[in-house]
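J.: After the structure tokens below, expect a handful of questions from me.
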Amino acid sequence: MSNTETYIAGLKLDSYIFNASGVNDSVLEELEIIANSKSSAITMKSCTIEPRKGNKEPRYARTAYGSIQSMGLPNLGYKKYIEFASYFKKYNKPVIASVAGLCIEDYKLLVGAFQKSDADMIEVNISCPNTDNSIFGYDFEAVENILYDISKFKNKPLGLKLPAYLDSSYNKFISKLIRKYNISFITCINSIGGLIINSETESPVIKNRFGGISGNYIKPIALGNVRRLYELLDKKVSIIGVGGISSGQDAFEFLLAGADAVQVATAFEKEGPSCFRRIKNELEEILESKNYKSIGDVKGRREVISSPSLF
Ligand code: RRO
């Protein structure tokens, strides 16, 4: 029997699959559903210093190949998520806090607060496509300022939720900063800004018109980012892949590309919490059919992807 246990930043996860920040994870009742599912961790909604209502509805739409949304960071404010981190300890799976600053200075307060909380890891979101700010992750000076401020706190693993980089030179820049500031894990990628138009109604499918595109549309871009960063970073930096994972086969492709675990967003919104068990089971079946006993067995085979002899 194969198993999909894995490690992120030294913390054990019972399976390779868990929820991505941003889908049905803003309030206690929603988080409780994730806690009771086969998601191997509980990732909470990215939070800001003050609570936010988010953007006008309709702000989420399922579409042919995934989804578009402009949620606009609706959240209860960081103090609530600090309470939730304590509450969810009893589930014995890692609780991941996600923080999103509206300006560079916010990150210091947010990360400092979660460093003193019961959260097990902190994902620092520098890639939200739906606020009035430009995406910090595309401004390397801003990223360096954020990292300088937050890397002073040393106790809990810190990760960066990255935007999609569409040119490898950007992967190189960000990997230098990740190494310089000893970031423990990265989550790549966030949704990618775009527009989806319904040709029947002749209008955009969400109120805000533009929004973050997720699901199948972005899977190859996510895989490319995971692989490039896997090749650029020390293997001590854990990589969480996200972007279009809705089956065990998708998860297996991310594993081959270099991801240590994957998060699920669009498929969770569409299918509900059963997706975590289903994708885990499908991944186990693939591993078994290929005679891999564990995630570690496949990791040893990853360099095959680098080899031109495959083609
Ligand atoms: O809340 C959002 O609009 C949102 C966030 Br914080 C994010 O990181 N990514 C995204 O697609 N939407």
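The values are calculated or read from the model by the stated rules, or taken from the named source; none is laboratory data. Here the structure is a predicted model, which is why all the values come from computation and not from measurement. Glycine gets a Cβ as well: all are built from the backbone with ideal geometry, and neighbour counts include every protein chain shown.
J.: Working only within segment 36-48, note down all residues that are more than 10 Å from the ligand (Cβ to nearest atom), part of a loop (DSSP other than H, G, I, E, B) and under 23 Å from residue 211 (Cα atoms).
T.: 44
J.: Let me ask another. Enumerate the pairs (first residue in segment 210-225 and assigned to a strand (DSSP E or B); second residue anywhere and among the β-branched types (Val, Ile, Thr)) with beta-carbon separation below 6 Å, excluding pairs fewer than 6 apart on the same chain, so at least 6 apart or on different chains.
T.: These pairs meet every condition: 211/68; 213/68; 213/192; 214/266; 215/266.
J.: Also, I was wondering about something else. Scan 211, 243 and give me the residue that is over 14 Å from the mean Cα position of the chain (by Cα), at pLDDT 95 or above, surrounded by 24 or more Cβ atoms within 10 Å (Cβ to Cβ) and within 18 Å of residue 63 (Cα to Cα).
T.: Every option except 211 fails the conditions.
J.: Here's a follow-up. Of all residues being within 20 Å of the chain's Cα centre (by Cα) and not in a strand (DSSP E or B) in segment 119-132, which is farthest from the ligand (Cβ to nearest atom)? Just the residue, please.
T.: Filtering segment 119-132 for residues that are within 20 Å of the chain's Cα centre (by Cα) and not in a strand (DSSP E or B), the one farthest from the ligand (Cβ to nearest atom) comes out as 120.
J.: Scanning segment 19-30 for residues that are within 16 Å of the ligand (Cβ to nearest atom) and not in a loop (DSSP other than H, G, I, E, B), which turns out surrounded by the most Cβ atoms within 10 Å (Cβ to Cβ)?
T.: 19
J.: Return the total of residues in segment 75-129 being among the β-branched types (Val, Ile, Thr), surrounded by fewer than 24 Cβ atoms within 10 Å (Cβ to Cβ) and touching a residue at least 60 places away in the same chain (Cβ under 8 Å).
T.: Selection size over segment 75-129: 0.
J.: Would you check if there is a residue in segment 265-277 being part of a helix (DSSP H, G or I) and more than 25 Å from residue 212 (Cβ to Cβ)?
T.: So far as segment 265-277 goes, yes, one or more of its residues are part of a helix (DSSP H, G or I) and more than 25 Å from residue 212 (Cβ to Cβ).
J.: If you take the residues of segment 83-112 that are assigned to a strand (DSSP E or B) and within 14 Å of the ligand (Cβ to nearest atom), which of them is nearest to residue 21 (Cα to Cα)?
T.: Across segment 83-112, the extreme among qualifying residues is 98.
J.: Quick check on segment 138-161. Is at least one of its residues within 16 Å of the ligand (Cβ to nearest atom), modelled with pLDDT under 95 and of a type outside the set (A, V, I, L, M, F, W, C)?
T.: The answer is no; no qualifying residue exists.
Yes/no matrix, rows are residues, columns are (1) in a strand (DSSP E or B); (2) within 15 Å of the ligand (Cβ to nearest atom):
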{"residue": "170", "(1), (2)": "no, no"}
{"residue": "173", "(1), (2)": "no, no"}
{"residue": "190", "(1), (2)": "no, yes"}
{"residue": "194", "(1), (2)": "yes, yes"}
{"residue": "206", "(1), (2)": "no, yes"}
{"residue": "229", "(1), (2)": "no, no"}
{"residue": "240", "(1), (2)": "yes, yes"}
{"residue": "250", "(1), (2)": "no, no"}
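J.: Looking only at segment 73-96, decide whether some residue is under 22 Å from residue 243 (Cα atoms) and in contact with a helix residue (DSSP H, G or I) (Cβ under 6 Å, 6 or more places away or on another chain).
T.: yes
J.: While we're looking at this one, here's another question. Taking residue 10, is it on the phi > 0 side of the Ramachandran plot and within 16 Å of the ligand (Cβ to nearest atom)?
T.: The answer is no for residue 10.
J.: Separate question: Could you list all residues from segment 49-82 that are within 27 Å of residue 205 (Cβ to Cβ), hydroxyl-bearing (Ser, Thr, Tyr) and either within 9 Å of the ligand (Cβ to nearest atom) or not in a loop (DSSP other than H, G, I, E, B) (or both)?
T.: 60, 63, 67, 70
J.: Please count how many residues of segment 138-156 are over 18 Å from residue 47 (Cβ atoms), buried (at least 18 other Cβ atoms within 10 Å of the Cβ) and of a type outside the set (Val, Ile, Thr).
T.: 2
J.: OK, next. Within segment 167-185, track down each residue that is among the hydrophobic types (A, V, I, L, M, F, W, C) and under 17 Å from residue 236 (Cα atoms).
T.: 174, 177, 178, 183, 185
J.: All but one of (1) surrounded by 24 or more Cβ atoms within 10 Å (Cβ to Cβ); (2) in a helix (DSSP H, G or I) hold for residue 33; state the number of the condition that does not hold.
T.: Evaluating residue 33 over (1) surrounded by 24 or more Cβ atoms within 10 Å (Cβ to Cβ); (2) in a helix (DSSP H, G or I) leaves (1) as the failure.
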